[in-house]
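The values are calculated or read from the model by the stated rules, or taken from the named source; none is laboratory data. As the structure is a computational prediction, the values presented were derived from the model and not from experiment. Using ideal geometry, Cβ is built from the backbone for each residue, glycine included, and neighbour counts are taken over all protein chains shown. Please note that ligands, DNA and RNA were not included when accessible areas were found on the heavy atoms of the full protein model with its side chains. Shrake-Rupley method; radii C 1.70, N 1.55, O 1.52, S 1.80 Å.
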Amino acid sequence: MDKMAMSVIWTGMVVVSILYGLWAGNGAAVAAGAVEGAAAAVELCLTMAGVMCLWMGVMEVMKRSGLAESLSRLLRPILRRLYPDFRRDKETMDAVSANVSANLLGLGNAATPLGIQAARRMARRTPGIASDSLCMLVVCNTASIQLIPTTVASVRLGAGCATPFDILPAVWLASAVSVTVGVVAAKVMSRLWGRGRP
């Protein structure tokens, strides 16, 4: 339903833009803009693909060299506090750790399947109900702390930015604040909601 709504919205915007351009007598400019936009989109996709391939390769090297496992071990004390119901479930915690590691590198595409895997394992304990741990996973995955904003940097590089990583301090601050606020809100809502449970 959401995809359908977005398709209708984007299609409507394109149709209105084209009709207005024709009505205003700018048909040639609209056509030129469409061609330039399509070329820029292809160039941006190729640039992003290259950067994503680079960092996916880095992630694979980390995994094979044992660095990913070391990072997971480093994160476990924090993750066990965030997900106390699953602190003894090694497979779930491994999936959560891998998800966080991918998010730290800004690899949202790699983090998503790992997050889904962890969410499915968490959902088995409370079928049909979003547990506190599952809600916390969604919050942390959405507001994730990024050490290296790979996707954003690749978009900036594709747009012609000479220093795509100069946003690091702002990204670190914004992601740290968002995760902190998200975790606190999830904990508070869990306590408030828990009071009304039977």
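Axis of helix 67-82 versus longest Cα principal axis of the chain: the two differ by about 70°, to the nearest ten degrees.
Go ahead and run the numbers for FRET between Arg88 and Arg191, Cβ-Cβ distance against an R0 of 25 Å, rounding to 0.05.
Efficiency for this residue pair is about 0.60.
Relative to the longest principal axis of the Cα atoms of the chain, the long axis of helix 27-65 lies at roughly 30 degrees. Mean sequence separation of contacting Cα pairs (under 8 Å, at least six apart), scaled by the length of the chain, corresponds to a relative contact order of 19 percent.
Longest exposed-loop-site-free stretch of the chain, with trypsin sites (Lys or Arg not before Pro), DSSP loop and at most 10 other Cβ within 10 Å? So the longest stretch without any such site is 1-87. Per-residue accessible area (protein heavy atoms, 1.4 Å probe) orders Trp10, Trp23, Trp193 as Trp23, Trp193, Trp10, starting from the largest. Taking Cα extents along the principal axes in Å as calculated from this structure, the corresponding entry among (i) 59, 35, 31; (ii) 60, 44, 28; (iii) 66, 46, 28 is (iii). Of the whole protein surface, Ser131 contributes about 20 Å² of accessible area at a 1.4 Å probe radius. Across the range 136-148, coupling constants 3J(HN,Hα) worked out from phi with the 6.51/-1.76/1.60 Karplus curve, θ = phi - 60°, read 5, 4, 4, 4, 5, 6, 6, 9, 3, 6, 10, 7, 10 Hz, and Gly and Pro carry x. Among Val155, Val8, Val179, the order of accessible area from largest down is Val8, Val155, Val179, computed with a 1.4 Å probe on protein heavy atoms.
With every protein chain in place and a 1.4 angstrom probe, the accessible-area ranking of Asp94, Asp166, largest first, reads Asp166, Asp94. The alpha carbon centroids of the range 92-106 and the range 139-153 are separated by 11 Å.
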